[in-house]
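The values are calculated or read from the model by the stated rules, or taken from the named source; none is laboratory data. In this text, all values refer to a predicted model and were calculated from it rather than measured experimentally. Here the Cβ is made from the backbone with ideal geometry for all residues, glycine too, and neighbour counts use every protein chain on show.
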Amino acid sequence: MTDADPRAARRAERAAFDDDAVPLRPLDGAPPPPTGDDASAVDTAEDDDVVVLSWWQHPVNVIGLVVAVALIGGMLGWLIRDTSADERGDATDVGFLHDMRAHHEQAVEMAYTYLALEGTSPGLRTVAGSILVGQNIEVGRMIQMLREMGRPEGAESDTAMGWMGMPVTQGEMPGMATEDELDALAASSGRAADELFVQLMVAHHEGGLHMAEAAADDAGLGKVRSLARSIVTGQQSEIAELEQLLDP
């Protein structure tokens, strides 16, 4: 017998086994899965029955798209309305900026007048210089805000504080010095000038606080409320410093 005979015998045995093999049947009695060409035929038939929808035809995707578009549209509308409101401000924003600008300008005038006097307190002169510079800067901020809002830079009438429900003329705003008081300050010197300056400026700051506190609560724009709060803080501090420096 040659070496090829054993191999041939084994091949013959395997072939016979394959012919006699019985396909395994599932325990539940279902027919065995197809094999060979039958399986290919079944797969092809199943593939023919499956319909794949485009993404835009799927109901879930369509609903999601509609919701997303609605949300985006709503957000854009809100942003447009909010931006428009922020640009224009309301009556409180505009009224406060107009009135506080006029109020600050008189404080700057008083500080400038006091700094020109002789024999006055070095400490009070320092505070006066701070008021002169600081309130001029704040006036500039008010003008810029009004420009951004598309509003007039100054009041178009002499009526003030209408936004607070208590209309008066600009000269009658709380804390405003009269022309006679300004003339008296300009004619003073030394200790008398110190006392008059502190008296007038403290009253002026207290009147400004009245308006600034109202705007800090009621102004429509965040930047106007922020400015009003900074004015409240700054003028409260300056009142305390003025009164302390005047004490002998």
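Quick one: in region 95-116, which of the residues that are more than 26 Å from T159 (Cα to Cα) and in contact with a Lys or Arg (Cβ under 9 Å, 6 or more places away or on another chain) is surrounded by the fewest Cβ atoms within 10 Å (Cβ to Cβ)?
Ranking the candidates gives L115 first.
Collect the residues in region 198-220 that are surrounded by fewer than 22 Cβ atoms within 10 Å (Cβ to Cβ), touching a residue at least 40 places away in the same chain (Cβ under 8 Å) and within 24 Å of the chain's Cα centre (by Cα), keeping them in residue-number order.
Correct list: A214, D218, G220.
Okay, residues lined up against (1) touching a residue at least 60 places away in the same chain (Cβ under 8 Å); (2) touching a Lys or Arg at 6+ places or on another chain (Cβ under 8 Å); (3) of a type in the set (A, V, I, L, M, F, W, C); (4) farther than 14 Å from A107 by Cβ:
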position	(1), (2), (3), (4)
G123	yes, no, no, yes
V127	yes, no, yes, no
T159	no, no, no, yes
P167	no, no, no, yes
R225	no, no, no, yes
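Does R191 count as under 27 Å from Y114 (Cα atoms), at pLDDT 95 or above and surrounded by fewer than 21 Cβ atoms within 10 Å (Cβ to Cβ)?
Numbers: under 27 Å from Y114 (Cα atoms): yes; at pLDDT 95 or above: yes; surrounded by fewer than 21 Cβ atoms within 10 Å (Cβ to Cβ): yes.
Here the answer is yes, as R191 does meet what is asked.
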